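Colleague: Here's a structure for you.
The values are calculated or read from the model by the stated rules, or taken from the named source; none is laboratory data. Everything numeric in this text was worked out from a predicted model, so none of it was measured. Cβ sites come from the backbone with ideal geometry, for glycine too, and all protein chains shown count toward neighbours. We work out accessible area using only protein heavy atoms, side chains counted, and drop any ligands, DNA or RNA first. Shrake-Rupley method; radii C 1.70, N 1.55, O 1.52, S 1.80 Å.
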Amino acid sequence: SVRLDPASLHLENKAGVPTGTILLAGLVLNDEGKVLDSFNKRLTVRAKSAEDTVPPNITYTNYLSLKPGLYQVRVAAADEDGGPTGSAWDWIEILDFSAKKLALSTLFVGERKAQTNTSDSPEAKTDPLSDQVNLNVARRFASSSYLRFVTIIYNAASGPGSTGGNGNPPPAASTPPAKPDLAVQIQVFRDDEPVVTDPLHRRSTDGATDLARIQYAAELKLEGLAPGRYVLQVTMIDRIAKASASQRFRFKVD
């Protein structure tokens, strides 16, 4: 996903409303520099009416199917009428989940405005997905808002069922299903120094229908963080397999 800022886009009056055109192109390369996929799009941007301006931010998402590996994504945009251009690139790693080792997906991060909820805890007191937020492609957040993220836990080990009162395994009909034993820690770093460290707490799997792919969502209150660049780090610990996995997300507080 990329965010486009059309503030300097050349606009013409078409069908009674301001209209502009963005040319967008992208490449996906593997770690050897080979192009695996590409796309070219012509995006028409229109205001809702003659009195309005075009939207201040436009998000475009392109979907690709890639095998596990390390990839570089490059995207460039230009005003069709010869105006300004822009470009961005980033590395994306797709893990090999078939290895059956504990792993976390990419962090999908959005911003929730402070007035939409009153929860101040790192993990939402109610269902953290109860009110929808959009992905924050720009990775910029207001200091008064909440940073919300979602990740998927893959291949968590499951523990044995309980034993009977005499220490022997109970009958199969009374054996509870095996469950993972997971703990999570959320940290925020600035200049490699931790500025937020959420105490290690258990990730309950009650209600999870697919223990091979467990969803985890939480949010952080950004109030108190000085303007600047930060790194969010989410670490999941599998107490049964004695393994851990982490993901990071770089963002800026305005």
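Colleague: Could you list all residues from segment 186-206 that are of a type in the set (D, E, K, R) and open to solvent by less than 70 Å² (accessible area, probe 1.4 Å)?
Modeller: ASP198, ARG203
Colleague: Looking at VAL35, VAL75, can you tell me which residue is at pLDDT 90 or above and exposed (fewer than 12 other Cβ atoms within 10 Å of the Cβ)?
Modeller: It is VAL35.
Colleague: Go through the residues of segment 42-65 one by one and say whether even a single one is farther than 26 Å from ASN134 by Cβ and not hydrophobic (A, V, I, L, M, F, W, C).
Modeller: Checking segment 42-65: not a single residue is farther than 26 Å from ASN134 by Cβ and not hydrophobic (A, V, I, L, M, F, W, C).
Colleague: Please go through segment 223-246 and pick out each residue that is touching a strand residue (DSSP E or B) at 6+ places or on another chain (Cβ under 6 Å), open to solvent by less than 80 Å² (accessible area, probe 1.4 Å) and in a loop (DSSP other than H, G, I, E, B).
Modeller: Passing the criteria: only LEU225.
Colleague: Kindly provide the set of residues from segment 203-222 that are in a strand (DSSP E or B) and without any contact (Cβ under 8 Å) to a residue 60 or more places away in the chain, ordered by number.
Modeller: Correct list: ARG203 only.
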